[in-house]
Amino acid sequence: MGSKLIIDTDPGVDDAFAIALAAVSADVELLGVTTVFGNVPLTSTTANARRLLQLCDRPDVPVAAGASRPLVHLNKRGSSHVHGNDGLSGRAGTLPEATRPLESLDAVGLMVSLLDASDEPVTIAPIGPLTNIAALLAAHPGIKSKISRIVLMGGGVARGNSTAVAEFNVWADPEAAHRVIAEDDVPCVMVPLDLTHRCAVDSAWLSKLAASGPLGQALEGLTPDYLAHYRQVLGFDGIVMHDAVAVAEAISPGILQTETYPVDIDVTAGPARGMTLVDRRAVPIDPTGRPIEVAVDTDLDGLREFVLSRLAGGR
């Protein structure tokens, strides 16, 4: 097996693609999946994660449920208008029932157990709100040496989606995002909206996925509500695979090009709440935030082919 990975997720159509990408990649050892509230409530995200792993013939991967709400301020708005009421375009019931029981440990407990047991540092890929990861770092500071890096999907350099300036995963729990971004001892890569939107795939790509086999057909079958939303956003028939872009970098370091900038999160109660403040000045004066890697570019066609070829060759 290859590098070791834990995914923290709120499935979500793009999360489904991301989970499948990791689950079928022979060069990554998917140690576990933890779930968080986000696109839909925790009960749905947890059920979806378990079904998706079953779809990928990975009942060996444990799933643990995590936070059902943000750290501080209750936020009841999810993304069912994008992903459908069940998170998977109303098609969650088309996926196989999970055979592996949900772990008795919660998300943080499972992550600590997996990290402790690992003989090498582990990559964590948070592709939902960062509540579980903030709790892990706060409650178990000694575990940080077992984390090779955090590759998160979240934030925006020059755009938002939940608000004019805030991306959903960060906006859903800004205090958690602030806690994770500020963690000096753990390398962090932020994969923002600006890049994930450029990696959008069109209907021809989705048709190739559907024709590739049972896994591709099932994943494409989860996209109708998501496709309807992104048809309006993109202006063509296609979707944005936000989370799969971040997981591609977690699996294949360097597939995304990064630049290092000071990054901070707006946690105020005003209209900028949840905004990712990326200081791109050549000579920052009194910069706020920790310098982290921000994904800024990739070989777009190469990235799309990387995801398609792996999903098409999956179980």
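Brief remarks on what is shown
- Each residue in the stretch 31-42 was checked for being aliphatic (A, V, I, L, M) and open to solvent by 10 Å² or more (accessible area, probe 1.4 Å), and 2 of them qualify.
- Candidate set: the stretch 254-266, residues that are of a type outside the set (Gly, Ala, Ser) and either free of Cβ contacts under 8 Å to residues at least 12 places away in the same chain or touching a Lys or Arg at 6+ places or on another chain (Cβ under 7 Å) (or both); chosen: the one surrounded by the fewest Cβ atoms within 10 Å (Cβ to Cβ): PRO262
- In the stretch 113-123, of all residues being acidic (Asp, Glu) and in a loop (DSSP other than H, G, I, E, B), the one that is surrounded by the most Cβ atoms within 10 Å (Cβ to Cβ) corresponds to GLU120.
- Residue that is farthest from THR94 (Cα to Cα), among those in the stretch 43-75 that are within 18 Å of the chain's Cα centre (by Cα) and in a loop (DSSP other than H, G, I, E, B): PRO70
- Scanning the stretch 195-222 for residues that are in a helix (DSSP H, G or I) and not hydrophobic (A, V, I, L, M, F, W, C) returns THR196, HIS197, ARG198, SER203, SER207, LYS208, PRO214, GLY216, GLN217, GLU220.
- Qualifying residue in the stretch 277-297 (condition: among the hydroxyl-bearing types (Ser, Thr, Tyr) and either surrounded by 12 or more Cβ atoms within 10 Å (Cβ to Cβ) or farther than 19 Å from HIS178 by Cβ (or both)): no
- Residue check for THR123: in contact with a strand residue (DSSP E or B) (Cβ under 6 Å, 6 or more places away or on another chain) and over 22 Å from PRO224 (Cβ atoms): yes
- Filtering the stretch 43-71 to residues that are open to solvent by 10 Å² or more (accessible area, probe 1.4 Å), of a type in the set (A, V, I, L, M, F, W, C) and either touching a Gly at 6+ places or on another chain (Cβ under 6 Å) or in contact (Cβ under 8 Å) with a residue 60 or more places away in the chain (or both) leaves LEU55, ALA67, LEU71.
- Here the stretch 99-112 is the region considered, the condition is being closer than 29 Å to ILE265 by Cβ and of a type in the set (Gly, Ala, Ser), and the residue that is most open to solvent (accessible area, probe 1.4 Å) is GLY109.
- Selected residue (only one of VAL157, VAL191 is open to solvent by 10 Å² or more (accessible area, probe 1.4 Å), in contact with a Leu (Cβ under 9 Å, 6 or more places away or on another chain) and of a type in the set (Val, Ile, Thr)): VAL157
- For beta carbons closer than 8 Å, sequence separation of 6+ or different chains, a first residue in the stretch 82-98 that is outside any loop (DSSP other than H, G, I, E, B) and buried (at least 20 other Cβ atoms within 10 Å of the Cβ) and a second that is among the charged types (D, E, K, R) and modelled with pLDDT of 95 or more, the qualifying pairs are ALA92/ARG51.
- Selection from the stretch 25-42 of residues that are closer than 20 Å to PHE168 by Cβ, touching a residue at least 40 places away in the same chain (Cβ under 8 Å) and of a type in the set (A, V, I, L, M, F, W, C): VAL36, PHE37, VAL40
- Taking first residues from the stretch 270-283 that are touching a residue at least 24 places away in the same chain (Cβ under 8 Å) and partners that are in a loop (DSSP other than H, G, I, E, B) and exposed (fewer than 12 other Cβ atoms within 10 Å of the Cβ), the Cβ contacts under 8 Å between residues at least 6 apart in sequence or on separate chains come to PRO271/ALA164.
- Contacts under 7 angstrom Cβ, first residue in the stretch 7-24 being over 17 Å from ASP60 (Cβ atoms) and among the small types (Gly, Ala, Ser), partner in a helix (DSSP H, G or I) and modelled with pLDDT under 95, 6 or more apart: GLY12/HIS83
The values are calculated or read from the model by the stated rules, or taken from the named source; none is laboratory data. If you're wondering where the values come from, they're calculated on a predicted model, not measured in any experiment. We place every Cβ from the backbone using ideal geometry, glycine too, and count neighbours over all the protein chains shown. Accessible surface areas use protein heavy atoms only, side chains included; no ligands, DNA or RNA. Shrake-Rupley method; radii C 1.70, N 1.55, O 1.52, S 1.80 Å.
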